[in-house]
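Have a look at the structure below, then the notes.
The values are calculated or read from the model by the stated rules, or taken from the named source; none is laboratory data. Everything numeric in this text was worked out from a predicted model, so none of it was measured. In this analysis, Cβ positions are derived from the backbone assuming ideal geometry, glycine residues included, and neighbour counts consider all displayed protein chains.
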Amino acid sequence: MTRSRFSSVSLQNRLVAGSALLAMLVGGVFVALILALSALREATKQEARSKNVTTAALSLQKLVLDVDTGVRGFVLTGQEKFLQPSDSAEAQLPARLANFEQLASREPRQRSRAMRLTRTIRNYLDEYAVPFSNLTKPGARALSYAIEGKRRSDEIRLLFKRFLAAENVLGYQRERSADAKSKHAIELGVAGLAGTAIFILLFGLYLARSIARPVSEAAEGASRLAGGDLALRLRQGGPGEVGELTRSFNKMAEGLESARIELQEQNAQLRESERLKSDLVNTVSHELRTPLSGVLGFTKLLLTRDFDSETRRHYLGIVDAQARRLSELIDDFLDVRRIEEGRFERAQELLDVGTLLREEAQLYSAQSRKHQLALELPRAPLPVLGNPDRLRQVIGNLLSNAIKYSPQGGVVELAAHSNGDAVRVEVRDPGIGIPSQQQPQIFTKFFRGDAAASGITGTGLGLAVSRDIVEAHGGRIGFTSEEGEGTTFFVELPDANGDERRGQGNGADRS
């Protein structure tokens, strides 16, 4: 469900989300870099301040040494020339002391050390250096002052030493901190840039896979579809609109393929209809021409010439037979039309199949001198429910075909029996048989196989009409045949007694 929900997110929303994430990542990297650089700048300032404090301390120490050296030289020699550096240093010391105090005030411990140091220096100046530099002649008192000055200068040197040592430690720590923060800033910058580059690369790969590839496949598929490959289907997937594009493409391809299949089927049906129409025209023109020619020819003879009564009767019999043949052909065409339109109705009349078979056998036994009809029936009646005229039409078609398709003559067998549930009628002929490749089409309208080439007359409608009549009676029709060995057609119809027995059995069960 989560994946389906994610797949439904539109492409625009995904691009906006990806761009926002990229902007947040780049912004975060820049903020982190700014903070790291700010920390580095502060550490660098502290390091520089530490160096300035050390420089100021060393400069102050030099001035104090200049003062001490000048005073000491004056005390020992009495020469005022030694006071010149001392006087210059004394003039600079107040400003230097104030600057030193200001620089050293940032760190509490160093501020305490600096205040003690400057206080000691001022005391040294006020209590020793200035009074001694004002003496006109050095003497025994000057010697004691020199001893005191050395003690005080040694104390100042010790304080400078301690202050500088502490400042060096702080400077080293600040230098290390600046180096660490510089390294951290570089690492953060490199990591941020690498992360941004990786995200951009992954985002590009995502766009290529989720958008560019499906769109490229859709474009290629459209070209193949336009080239006639209607079986092509795209892999469904992709974000929002891309997934909808692939689904719409596949739906369009399925619709086109279905339309093509339907068109092919319709074209096949049209070709088959054209072929059947052509066959029908040929069949009708051939089958109707022969009896019609006979009717017209013999009618013209009877109208134009005088014949004796016996010859006239004979000719009239031929005209009557040919007219009946025309009527049967027209009935076949009408039966096909009724069945196709669903207007065929079977009568629910109880009749004996045995009686019907005897009548048809007697009728068709006189049609050919080359053939004999052998009738095999049980003594018991074979009752069925149906239309006797239609069932006679079925048996007549089967007997007529059996005679036509065994041109060499022989015995045509007509048999029937009941198995309790159905009455089975069989018509066996010793004729030419049906080729195996033609057997699936035997019940197709207007199909005659090799009959026309063999000179066997017919419309190709008899078996198609017979099948529809039998199936309308709830039965079935079929055949077995071997080429050159003859054919056996069978018809199975529900046994009326079997229906009655089943009804009684059902009633007994219900009671």
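Details
- Taking segment 160-182 as the range and being under 30 Å from residue 130 (Cβ atoms) and either surrounded by fewer than 19 Cβ atoms within 10 Å (Cβ to Cβ) or within 60 Å of the chain's Cα centre (by Cα) (or both) as the test, the residues that pass are 161, 162, 164, 165, 166.
- Number of the exception - residue 345 against (1) assigned to a loop (DSSP other than H, G, I, E, B); (2) more than 60 Å from the chain's Cα centre (by Cα); (3) at pLDDT below 85: (2)
- All of 148, 167 fail the test of being free of Cβ contacts under 8 Å to residues at least 40 places away in the same chain and assigned to a helix (DSSP H, G or I), apart from 148.
- The residues in segment 435-455 that are modelled with pLDDT under 80 and either in contact with a Gly (Cβ under 7 Å, 6 or more places away or on another chain) or of a type in the set (Gly, Ala, Ser) (or both) can be counted, and the count is 10.
- Here 389, 352, 306 are screened, and the one residue that is at pLDDT 85 or above and surrounded by fewer than 18 Cβ atoms within 10 Å (Cβ to Cβ) is 352.
- Scanning segment 384-413 for residues that are within 18 Å of residue 469 (Cβ to Cβ) and either hydrophobic (A, V, I, L, M, F, W, C) or assigned to a strand (DSSP E or B) (or both) yields a count of 9.
- Selection status of residue 98, over 21 Å from residue 165 (Cβ atoms), aliphatic (A, V, I, L, M) and at pLDDT below 75: no
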